[in-house]
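One structure below.
The values are calculated or read from the model by the stated rules, or taken from the named source; none is laboratory data. Since the model is a prediction, treat every value here as computed from it, not as a measurement. All Cβ positions, glycine included, derive from the backbone under ideal geometry; neighbour counts span all protein chains shown. Just so you know, the surface numbers come from the protein's heavy atoms only, side chains and all, with ligands and any DNA or RNA stripped out. Shrake-Rupley method; radii C 1.70, N 1.55, O 1.52, S 1.80 Å.
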Amino acid sequence: QVQVVESGGGLVQPGGSLRLSCAASGSIPSINVMGWYRQAPGKQREMVATIASSGRTNYADSVKGRFTVSRDNAKNTVYLQMNSLKPEDTAGYYCNVLYASSFYWGQGTQVTVSS
């Protein structure tokens, strides 16, 4: 089975930065897409940023210009650099891995943006 583990969440003031990491382990010869999703209380889970094996990236409109997703293929790890954070970014952030037509999720890391 594929295991997905996130880290890097925490409490930050508006305008601050955080860097999230997600490492996938298991029998994974290759990963098609890795990405980040978030879910705030009472809201649906939404895509934040994804990155394919080709390096192609996709971002939610609300984070464009502020967040950057990258990956280390050798370590099967994806990162999310979050700058200029806003209170609206407060949510549980979840890493997702698309491999062999299946989705694998981490258990999430909390990001709270507050004064």
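Couple of notes before you dig in:
- For region 23-35, filtering for residues that are over 15 Å from the mean Cα position of the chain (by Cα) and outside any loop (DSSP other than H, G, I, E, B) leaves 1.
- Cβ pairs under 6 Å, 6+ apart, first in region 1-30 and over 13 Å from LEU98 (Cα atoms), second assigned to a loop (DSSP other than H, G, I, E, B) and among the β-branched types (Val, Ile, Thr): GLY26/VAL2
- So ARG19, is it of a type in the set (Lys, Arg), touching a Gly at 6+ places or on another chain (Cβ under 7 Å) and under 22 Å from LYS86 (Cβ atoms): yes
- Residue pairs whose Cβ atoms lie under 6 Å apart, separated by 6 or more positions or on different chains, with the first residue in region 34-56 and among the charged types (D, E, K, R) and the second at pLDDT 95 or above and assigned to a strand (DSSP E or B), are ARG38/VAL48; ARG38/ALA91; ARG38/TYR93; ARG45/TYR37; ARG45/GLN39.
- Candidates are the residues of region 57-81 that are open to solvent by 30 Å² or more (accessible area, probe 1.4 Å) and at pLDDT below 95; the one that is farthest from GLN13 (Cα to Cα) is ALA74.
- Verdict on SER25 being at positive phi, surrounded by fewer than 19 Cβ atoms within 10 Å (Cβ to Cβ), at pLDDT below 95 and not aliphatic (A, V, I, L, M): no
- Scanning region 1-22 for residues that are part of a loop (DSSP other than H, G, I, E, B), under 18 Å from GLN107 (Cα atoms) and modelled with pLDDT of 90 or more yields GLY8, GLY9.
- Residue ID - least open to solvent (accessible area, probe 1.4 Å), chosen from residues in region 37-52 that are at pLDDT below 95 and of a type in the set (Gly, Ala, Ser): ALA52
- Region 87-115, residues that are among the β-branched types (Val, Ile, Thr) and either closer than 22 Å to GLN3 by Cα or surrounded by fewer than 17 Cβ atoms within 10 Å (Cβ to Cβ) (or both): VAL97, THR109, VAL111, THR112
- Evaluating SER84 against the criteria (1) assigned to a loop (DSSP other than H, G, I, E, B); (2) modelled with pLDDT of 95 or more; (3) surrounded by 12 or more Cβ atoms within 10 Å (Cβ to Cβ); (4) touching a strand residue (DSSP E or B) at 6+ places or on another chain (Cβ under 8 Å) leaves one unmet condition, (4).
- Qualifying residue in region 78-92 (condition: closer than 16 Å to SER21 by Cα and among the acidic types (Asp, Glu)): no
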